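The values are calculated or read from the model by the stated rules, or taken from the named source; none is laboratory data. These figures come from a predicted structure and were not determined experimentally. Using ideal geometry, Cβ is built from the backbone for each residue, glycine included, and neighbour counts are taken over all protein chains shown.
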Amino acid sequence: MRHTWKASATEHRGQKQVKMEIWMRNFYELHKYNPYLGKFTLEQLMSGCGMDVGDVPDYHAAMGYLTEQRRKLADAMEDFFGGKDYQKYKDLNLTNDEMFARMMRNAVYFNVFPVMSAAPKEEDEPRFYRLMSLKDFVRAMERRRDCIITEVDRKARMLNTLSTNLPEAALQYHSKSLELDGVFQHKCSKCGKSFSSQDILVMHRNKHHKVGK
């Protein structure tokens, strides 16, 4: 039987992510001044990175990568508004669009690419992605806020029902929630800011404090 070498899941995922970062950086540089003009499909991203469009793990890796960008964007945004550059730009009286463009540039420094998905106009057309504008970003944050409010309200009602009918179980659940609080926060020892991933924290420290891990 002939055996072929196969990379580990971690190594394979790392290679895919690097390729997608390079592809997205090139896309950003090409369309950063006209975000409405440039668009791409998930299939184009995968093909451009040498991934198999018909392969389920490759599909999930690409889809997960695009979905992760919005979560990481919050970290990049906090880094921008808390940094020295923001005050400098503010003193220059930049417009909102100009300030947003610089915030996006800061995000790209962290390999975070502010993309949004748009529904196709025709049913037979694939869903496509493009860079966010300021208006897109505000709308996305508003939708996210509404979803969080709805989810918090739903969980609060569930806990109230649980507390009424199964008080001991509710107390145990509450204790576990407290134990998990802050597990996913990666705090900078230099300035005290917290980030959602170790990668973003390391890049923040390299950029603002000139230190490694």
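Would you confirm, using the coordinates I've provided, whether ASP85 is in contact (Cβ under 8 Å) with a residue 40 or more places away in the chain and either in a helix (DSSP H, G or I) or not hydroxyl-bearing (Ser, Thr, Tyr) (or both)? Steps first, please.
Numbers: in contact (Cβ under 8 Å) with a residue 40 or more places away in the chain: no; either in a helix (DSSP H, G or I) or not hydroxyl-bearing (Ser, Thr, Tyr) (or both): yes.
Answer is no for this residue.
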Within the range 183-192, of all residues that are surrounded by 10 or more Cβ atoms within 10 Å (Cβ to Cβ) and at pLDDT below 75, the one farthest from GLU78 (Cα to Cα) is PHE184
Within the range 108-121, restricting to residues that are under 15 Å from PRO35 (Cα atoms) and not β-branched (Val, Ile, Thr), the one that is modelled with the highest pLDDT is PHE113
Across (1) at pLDDT 85 or above; (2) surrounded by 12 or more Cβ atoms within 10 Å (Cβ to Cβ); (3) small (Gly, Ala, Ser), GLY50 clears everything bar (2)
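Here is a yes/no grid of residues against (1) assigned to a helix (DSSP H, G or I); (2) charged (D, E, K, R):
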{"residue": "PRO35", "(1), (2)": "no, no"}
{"residue": "VAL53", "(1), (2)": "no, no"}
{"residue": "ALA61", "(1), (2)": "yes, no"}
{"residue": "GLY64", "(1), (2)": "yes, no"}
{"residue": "GLU68", "(1), (2)": "yes, yes"}
{"residue": "LYS72", "(1), (2)": "yes, yes"}
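Suppose we filter the range 101-119 for residues that are assigned to a loop (DSSP other than H, G, I, E, B) and either over 27 Å from GLN17 (Cβ atoms) or among the hydrophobic types (A, V, I, L, M, F, W, C) (or both); how many remain?
At the first step, the residues of the range 101-119 found to be assigned to a loop (DSSP other than H, G, I, E, B) are 110-114, 119.
Imposing the further condition that a residue be either over 27 Å from GLN17 (Cβ atoms) or among the hydrophobic types (A, V, I, L, M, F, W, C) (or both) reduces the set to 110, 112-113, 119.
Selection size over the range 101-119: 4.
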Flagged in the range 56-100 as farther than 20 Å from ILE22 by Cα and loosely packed, with under 12 Cβ neighbours inside 10 Å, in numbering order, are VAL56, LYS84, GLN87, LYS88, LYS90, ASP91, LEU92, ASN93, THR95, ASN96, ASP97
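Under 19 Å from GLY38 (Cα atoms) and assigned by TED's automatic domain parsing to the domain that holds ARG25: does that describe ARG105? Break it down into steps so the answer makes sense when it comes.
Numbers: under 19 Å from GLY38 (Cα atoms): yes; assigned by TED's automatic domain parsing to the domain that holds ARG25: yes.
Criteria met by ARG105.
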